[in-house]
Amino acid sequence: MSWIVEVLASVLLIAGGIFLFIGSMGMVHLRDFYMRLHGPTKATTLGIGCMLIASTLFFWSQDGKPDIQELLITLFLFITAPVSAHLLSKAGLHMQLNHIDITEGDPVELRDEEVAQKPVPHPDKGHG
Amino acid sequence: MIAPRPWLPTPVLSLLLLFVWLLLVRSTAFGQIVLGAALAIAIPLLTHRFWDARPHIRKPLLLLRFALRVLKDIVIANFEVAYLIANPWRKLRPHFIEYPLMVEDRFTITLLASTISLTPGTVSANLRMDGKSLLIHALDVGDEEALIQHIRQRYEQPLKEIYEC
Amino acid sequence: MLTVALYITLALVIMALLFNLYRLMVGPDLPDRVLALDTMYINAIALIVLLGLWLNTKTYFESALLIAMLGFISTVAVCKYILRGDIIE
């Protein structure tokens, strides 16, 4: 294996590890749920992307032929990460979790009075 | 572009399915190609009834440029967010922002919301039931208007051009 | 050199998993815990990729893909349950 590929793979691997670490660190020390959501959706996704690219590079240089199947995982994670983040934040808003005081903006969903949008009942079922 | 036919409602998706199948079985033997092609034809035929109608891509080249730009922004934004999270002395200014939507189609809104979640320090938090505005939570924002304008020009405008004109 | 990089990355990923475990245990609300589990899934994929590099085999690729899918589906299911009190309507 040529040393350039080895250096590149090592750098990508460590960069991925650092991104994963920072994403999880954000989850520990940020102070409300909505802020914690940022770490895993962005840093962790990119971290795993870096590591998978490193792995692809490594096996490519070892076998001598490109094998991009590991990019499937990257693609899958990049498609699903925003969806799960969106659903998680919807769940958080639904449970009216507190946000820290310095947060600006006042979304309807978190106000006390009953103006928050409830899920619309399914038209076929006619709730009540 | 291959035109859709009755037995092939979504040509691009079928090609993608065949590609993914070949990647998954890790072989390009003739038998696997035949099996993959059969699956790529059968799966859309069986399932296209319960999908939303997908808008037509009007400008494929622009879509490619948009994808590359988003990829670049993802990398840059990740360094920013990593710096924001890792720096304990930095005072974060979290912010809830109402983003009035210009695009109307559900598929385009999904793309926009995913882009927002992946790129700058923002997560799309809730889509209002009427589909007219998006609630965004941002990690560190000084100027609300500037962010809205940034998203509008950088992401929403190209998406609108690509899919809706 | 790759071996050293593997050691360092392994240490980073394990610390990330410990952070996630902390949030899983103390997380004040249910969504926090779901978020922690979701991140743990992704970190587990990272561990599997590292294992594949360590043992020099591609056999574990499928398990990583399966974990990615299971993680996403279970997160969606729990969120849906919190939102609607029902998974399949």
ask   = Among the helices (runs of 4 or more DSSP H) contained in segment B:97-165, which hold 3 or more residues that are over 29 Å from A:Asp101 (Cβ atoms)?
value = B:106-118, B:157-163
message = Return the residues of segment A:83-97 that are without any contact (Cβ under 8 Å) to a residue 40 or more places away in the chain and more than 7 Å from chain C (Cβ to nearest Cβ); say none if nothing qualifies.
response = A:Val83, A:His86, A:Leu93, A:Gln96
query = Taking segment A:2-29 on its own, how many of its residues are more than 7 Å from chain C (Cβ to nearest Cβ), farther than 15 Å from C:Ala46 by Cα and either of a type in the set (Asp, Glu) or buried (at least 20 other Cβ atoms within 10 Å of the Cβ) (or both)?
reply = 1
ask   = Regarding A:Asp32, is this residue without any contact (Cβ under 8 Å) to a residue 12 or more places away in the chain and more than 7 Å from every other protein chain (Cβ to nearest Cβ)?
value = no
ask   = Only one residue in B:Leu24, B:Leu84 is over 30 Å from B:Leu127 (Cβ atoms), out of contact with any helix residue (DSSP H, G or I) (no Cβ under 7 Å at 6 or more places or on another chain), surrounded by 15 or more Cβ atoms within 10 Å (Cβ to Cβ) and within 12 Å of chain A (Cβ to nearest Cβ). Which one?
value = B:Leu24
message = Can you pull out every residue in segment C:65-81 that is without any contact (Cβ under 8 Å) to a residue 40 or more places away in the chain and at the interface with chain A (Cβ under 8 Å from one of its Cβ atoms)?
response = C:Leu65, C:Ala68, C:Met69, C:Phe72, C:Val76, C:Lys80
query = Scanning for something closer than 24 Å to A:Ile18 by Cα, over 12 Å from the mean Cα position of the chain (by Cα) and not in a helix (DSSP H, G or I), does segment C:16-34 turn up at least one residue?
reply = yes
key: Test set (1) farther than 17 Å from C:Gly71 by Cα; (2) assigned to a helix (DSSP H, G or I); (3) facing chain B (nearest Cβ under 8 Å) - A:Ile79 fails condition number   = (1)
Hits in segment C:36-64 (condition: free of Cβ contacts under 8 Å to residues at least 24 places away in the same chain, within 10 Å of chain A (Cβ to nearest Cβ) and in contact with a Phe, Trp or Tyr (Cβ under 7 Å, 6 or more places away or on another chain)) = C:Ile48, C:Gly52, C:Lys58
Flag for C:Thr3 being crowded, with 16+ Cβ neighbours inside 10 Å, hydroxyl-bearing (Ser, Thr, Tyr) and in a helix (DSSP H, G or I) = no
query = Residues in segment C:11-28: is at least one farther than 15 Å from A:Thr44 by Cα, surrounded by 14 or more Cβ atoms within 10 Å (Cβ to Cβ) and among the β-branched types (Val, Ile, Thr)?
reply = no
key: Cβ pairs under 9 Å, 6+ apart, first in segment B:105-123 and closer than 11 Å to A:Ile79 by Cα, second part of a loop (DSSP other than H, G, I, E, B) and β-branched (Val, Ile, Thr)   = B:Leu111/B:Val103
ask   = In segment A:43-75, how many are facing chain B (nearest Cβ under 10 Å) and within 12 Å of the chain's Cα centre (by Cα)?
value = 6
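FYI, it's all coordinate maths here, none of it is from the lab. Model, not experiment: these values are computed from the prediction. Every residue, glycine as well, gets a Cβ built from its backbone with ideal geometry; the counts of neighbours run over all protein chains shown.
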